[in-house]
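Below you'll find the structure, written out as C-alpha cells, and then a few comments.
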Amino acid sequence: MSSGSRFWTRPLGIAVIAIGLCGVVMIGIGVHSVIDHENKLARKELLGTWREANVASYSANRLKVSNDGVYWNGDLISTHFSFDGATLEFKHGNKRQEYYLDRLKGTLVHINGQYKAQYLKQGYHGQYTQGRN
C-alpha cells in the first residue's frame, strides 16, 4: 500500500473527510435556506390585488390572490392554487391558468393565453413601480 492511500485511514485523514462532509452539509443547508427564504418573499409579493396594465381603467381586470384563493374582478374563482416562487397556477372553470411573477419588473404576466396580459400590484410603492400610474 502506498503512503498516499494510507493517509485516508489515519485519524488525520478521517478528520479531513469528516470536515469536508460537514462543509458540504452546511453548504446544502445554506442553499436550501436561501431558496426557502426567496420563495417566502415571492409569495408575500404575490399576495394582493393586481390590476391589468396597458388598458383603459374602466375595462381593467383585477386579479386578487389571497390565502383563501384567487378572485377575478371580486368573484372567487378558485380556492386552490399553486405557486413555486415564480409561476402561479390555478383553474378558472375547466381551464388551467398560468401567470409568471416577474419580481424585477413587479408584474404578473398571463403566460398560457392568446393575450399576454400584464398586471401591476395595487398599493405597492416599491422600487419597481417607480414611474408607473
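Odds and ends about this structure:
- Solvent-accessible surface of the chain, taken per residue with a 1.4 Å probe and all protein chains present: 69 Å².
- When only Cα pairs below 8 angstrom with a gap of at least 6 residues are kept, the stretch 47-122 shows a relative contact order of 25 percent.
- Carbon-plus-sulfur accessible fraction, the chain (probe radius 1.4 Å, protein heavy atoms only): 57%.
- Most mobile listed residue (15, 60, 117) in the chain, GNM with C-alpha springs under 10 Å: 15
- Backbone HN-Hα couplings from phi across the stretch 93-108 [Karplus 6.51/-1.76/1.60, Hz, Gly and Pro as x]: x, 9, 9, 7, 10, 10, 10, 9, 8, 8, 5, 6, 8, x, 10, 10
- The angle between the Cα long axis of helix 11-46 and the main principal axis of the chain comes to about 0°, on a 0 to 90 degree scale.
- For the stretch 118-123, 3J(HN,Hα) per residue [Karplus equation, 6.51 cos²θ - 1.76 cosθ + 1.60, θ = phi - 60°, Hz, x = Gly/Pro]: 10, 10, 10, 6, 7, x
- Relative contact order of the chain, defined on C-alpha pairs under 8 angstrom at six or more residues apart (%): 16
- Among 23, 80, 39 - extreme Cα towards positive end, dipole of the chain, charges at beta-carbon: 23
- Shape class for the chain, computed from the alpha carbon gyration tensor (a ≥ b ≥ c): prolate, with a/c not under 1.5 and a/b above b/c.
- Long-range amide H partners of residue 50 with built H, under 5 Å: 63, 64, 65, 122
The values are calculated or read from the model by the stated rules, or taken from the named source; none is laboratory data. Quick caveat, the model's predicted, so the values are computed rather than measured. All Cβ positions, even for glycine, are placed from backbone atoms using ideal geometry, and neighbour counts span all protein chains on display. In case anyone asks, the SASA skips ligands and DNA or RNA and just uses the protein heavy atoms, side chains included. Shrake-Rupley method; radii C 1.70, N 1.55, O 1.52, S 1.80 Å.
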